[in-house]
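Input: a single structure, listed below in structure tokens.
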Amino acid sequence: MQVGKISSKFLVSAIVILVVITGILGYLNYQEDKLPEGQIRVKAGNKVIGAITLDEIKKLPAVNKKLVIDSTTGLSKHKFTCTPLLEVFNHIDPQIIKQYKRVLTRGVDNYVSGVDMAEVLEKNNVLLVYADNGEPLKSKTGPQDTMRIVILNDPFGQRFTNYLVEIELE
Ligand SMILES: Nc1nc2c(c(=O)[nH]1)N[C@H]1C(S)=C(S)[C@@H](COP(=O)(O)O)O[C@H]1N2
Ligand SMILES: [Mo]
């Protein structure tokens, strides 16, 4: 009887330990699949063709924009610091704006929206924002700062990809 009790206790502990280990490994794997905020990976199809960090983006020409956004939480007032997405593309590779027609923007939560390259070429339309009221944008996943896309010609915020981590060109 004694032996049976010990072995069933052992069995239960072994199962608990295995479940915990599986959970931890699954979580680590899930974190690894996530791209880090504070930098943007640029892909063309499945191929990575470039990357840029927030520190590099801060050195590009900056624009300040006051904007009221009408979104799910109601109206919100902003004083954004940004750089045109066009400047970002030209910094990575000036051929980008000639070679691709469509720009898909992906957030760390896998939210995807898109703009046409023609919109990116318009003056004062598609902006990459990294500060609001002089404060860095807060990340969704960690302590680092983050970025978002804002489109001045859109009255609502649906296409404004928050927590931008990846751009895919088509
Ligand atoms: N990464 C990410 N960006 C997103 C969304 C989202 O769910 N995830 N929602 C979009 C929608 S539908 C709206 S209305 C606005 C909301 O902007 P807000 O988060 O500044 O209110 O963000 C857009 N960008
Ligand atoms: Mo929305």
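The values are calculated or read from the model by the stated rules, or taken from the named source; none is laboratory data. All of these numbers come straight from a predicted model, not from anything done at the bench. Don't worry about glycine lacking a Cβ; one is built from the backbone with ideal geometry, like all the others, and counts go over all protein chains shown. Note: accessible area is taken over every heavy atom of the protein model, side chains too, but ligands, DNA and RNA are not part of it. Shrake-Rupley method; radii C 1.70, N 1.55, O 1.52, S 1.80 Å.
Cβ separations smaller than 6 Å between residues 6+ apart or across chains give the following pairs from the stretch 142-162 residues that are among the acidic types (Asp, Glu) to residues that are open to solvent by 40 Å² or more (accessible area, probe 1.4 Å) and more than 7 Å from ligand 1 (Cβ to nearest atom): ASP145/PRO136. Any residue in the stretch 61-79 that is buried (at least 16 other Cβ atoms within 10 Å of the Cβ), over 19 Å from ARG159 (Cβ atoms) and in contact with a strand residue (DSSP E or B) (Cβ under 6 Å, 6 or more places away or on another chain)? Looking for residues that are buried (at least 16 other Cβ atoms within 10 Å of the Cβ), over 19 Å from ARG159 (Cβ atoms) and in contact with a strand residue (DSSP E or B) (Cβ under 6 Å, 6 or more places away or on another chain), one finds none in the stretch 61-79, hence no. Looking at the stretch 89-107, is at least one residue under 16 Å from the mean Cα position of the chain (by Cα) and in a loop (DSSP other than H, G, I, E, B)? No, the stretch 89-107 has no match at all. If I filter the stretch 23-35 for residues that are within 15 Å of ARG106 (Cβ to Cβ) and modelled with pLDDT of 90 or more, do I get at least one hit? The answer is yes, given that some residue of the stretch 23-35 is within 15 Å of ARG106 (Cβ to Cβ) and modelled with pLDDT of 90 or more.
Listed here are the residues, each with its yes/no results for (1) under 21 Å from VAL115 (Cβ atoms); (2) open to solvent by less than 30 Å² (accessible area, probe 1.4 Å).
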| residue | (1), (2) |
| --- | --- |
| GLN39 | yes, no |
| GLY45 | yes, no |
| GLU56 | no, no |
| PRO84 | yes, no |
| VAL88 | yes, yes |
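Applying the set (1) more than 16 Å from ligand 2 (Cβ to nearest atom); (2) assigned to a strand (DSSP E or B) to SER113 leaves exactly one unmet item: (1).
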